Amino acid sequence: MRDDAGPTLPSMEPGGGRHLWLDLLLLAAVVPVAAIDLRRRLIPNAILLPAATTALAILAVTAPRHLAEHAIAAVAAGGLLLAPALANPGAMGMGDVKLATVMGLCLGRSVAVALLFALLGGTVAGAVIVARHGISRGRRAAIPFGPFLAAGAVIAMLAGPAVGWYAGRGL
């Protein structure tokens, strides 16, 4: 017996852990966001706001019992990036914060996997730049973080539930 009133979303795995429509929506958002951030160092609200609104609508209509989890994931993901954005506005932009929030809405608890891989990717890229150009020039280099968030989102979509074994371990 189902405990929610709406129809269920098509799932990508047996047991219904991933929401296909949310994954497709997130993919449709992160691909252009990554390209635009690479080219212009800007993450447009014109993509993020419709994506967030659509994600909320999809959840409200098709999986209302998951809405709270996804909202909490959105606040946590955005909040995690908000602190460094406020502490050093030149280091992290508010577009990255808003993108992480949209990722949380779409991915739910798998956003932790996305953020982990995004942070690891950004750290490796930063280390390579410092190794090639030295600490002084490397610290001043500006790398857009949106593409790393986008890559993390794709990894979480594909492997989030498998990598997210930690969720059931109480960590």
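Structure notes:
- Of all the criteria given as (1) at pLDDT 95 or above; (2) more than 16 Å from Ser110 (Cβ to Cβ); (3) in contact with a helix residue (DSSP H, G or I) (Cβ under 7 Å, 6 or more places away or on another chain), the one not satisfied by Leu26 is (2).
- In a residue-by-residue description of region 42-52, the property of being touching a Gly at 6+ places or on another chain (Cβ under 8 Å), hydrophobic (A, V, I, L, M, F, W, C), in a helix (DSSP H, G or I) and modelled with pLDDT of 95 or more applies to at least one position.
- Hey, Ile72 over 16 Å from the mean Cα position of the chain (by Cα), in a helix (DSSP H, G or I) and surrounded by fewer than 20 Cβ atoms within 10 Å (Cβ to Cβ) or not: no
- Scanning region 32-53 for residues that are over 15 Å from the mean Cα position of the chain (by Cα) and aliphatic (A, V, I, L, M) yields a count of 5.
- Checking region 93-101 against the condition returns a match, with at least one residue being of a type in the set (Gly, Ala, Ser), out of contact with any Asp or Glu (no Cβ under 8 Å at 6 or more places or on another chain) and modelled with pLDDT under 95.
- Annotation note: Cβ proximity below 7 Å between a residue of region 38-66 that is under 23 Å from His19 (Cα atoms) and a residue that is at pLDDT 95 or above and of a type in the set (Lys, Arg) (sequence gap 6+ or interchain) occurs for Leu48/Lys98.
- Entry remark, region 140-157: residues being under 24 Å from Gly78 (Cα atoms) and basic (Lys, Arg) number 0 in total.
The values are calculated or read from the model by the stated rules, or taken from the named source; none is laboratory data. Keep in mind that this is a model prediction, so the values were computed, not measured. No Cβ is skipped: glycine too gets one built from the backbone with ideal geometry, and neighbour counts run over all protein chains shown.
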